[in-house]
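Note sheet for the following structure.
All of the numbers you see were taken from the coordinates with simple rules; none came from a lab. Keep in mind the model is a prediction, meaning the values are calculated, not measured. Because the Cβ atoms are built from the backbone with ideal geometry, glycine has one as well, and the counts that use them run over all protein chains shown.
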Amino acid sequence: MFKRTLIALAILATATMPAFAHLDPGAHGSFAAGFSHPLFGLDHILAMVAVGLWAAMQGGKAVWIVPGAFVGTMAVGFAAAIAGVPLPFVEPVILASVIFIGIAIALALPVPTSAVAAMVGFFAFFHGHAHGGELGEAGAWEFAIGFIAATAVLHAVGIGAGLALGRFGGKWLSRIAGAATALGGLWLTFGA
């Protein structure tokens, strides 16, 4: 049952990418535009799934605390952007989040859950600010609920993948996935 749920979530996450890519809020509604927003950028997808994977590697309460810290701080970053608070280096920090979180997973260093939550929270502020900076004509509340829901789905995919990988290969498969995430971030930074 768990394996089928994980496969269904992965299919849902990947199948919606082209269909929802930056929808026009006027034609599709602000919620749909917000939901599609994180699914449009590979940098966002890799980071969100990696947060879930890292939380799963931590285990225990981290499965809820780490994604919760990301989502909460992302909402604060979004609010800062729509309030007009400037934030430098948004895109470089988003790319750095993919690389950093991937490396952290690959190294599997023993880091307290509170520190993991603080680290992902730092990056989440930039992700949220990026969403706010690209709000356009969408209604802020509906757009925010949409991208928060999509982020939660991507975190759930990462958690599910992390739990499945841990079950079948210990931490090694998760560490390989982390290294692949970091390489994906490097490719986005220097090769894309």
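Amide H to amide H, with H built 1.01 Å from N, Gly139 comes under 5 Å of Ser30, counting only residues 5 or more places away or on other chains.
Derived scalar couplings between HN and Hα for the stretch 135-150 equal 4, x, 8, 6, x, 4, 5, 5, 4, 4, 4, x, 6, 5, 5, 5 Hz in order, rounded to whole Hz, by the Karplus curve 6.51 cos²θ - 1.76 cosθ + 1.60 (θ = phi - 60°), x for Gly and Pro. Remark: the stretch 65-73, residue by residue, has Karplus-estimated 3J(HN,Hα) of 5, 5, x, x, 5, 5, 4, x, 6 Hz, where x stands for each Gly or Pro and the curve is 6.51 cos²θ - 1.76 cosθ + 1.60 at θ = phi - 60°. Quick one: Cα centre-to-centre distance for the stretch 147-192 and the stretch 126-140, in angstrom? Taking the Cα centre of each part, the stretch 147-192 and the stretch 126-140 sit 24 Å apart.
The HN-Hα couplings worked out from phi for the stretch 155-165 by the Karplus form 6.51 cos²θ - 1.76 cosθ + 1.60 (θ = phi - 60°) are 4, 4, 4, x, 5, x, 5, x, 5, 5, 4 Hz, whole numbers, x standing for Gly and Pro.
Counting beta carbons within 10 Å around each of Val93, Val116 and listing the fewest first gives the order Val93, Val116. As a rough footprinting exposure proxy, the listed residues Ile94, Ile82 were ranked by other beta carbons within 10 Å of their own, and the order from fewest upward is Ile82, Ile94.
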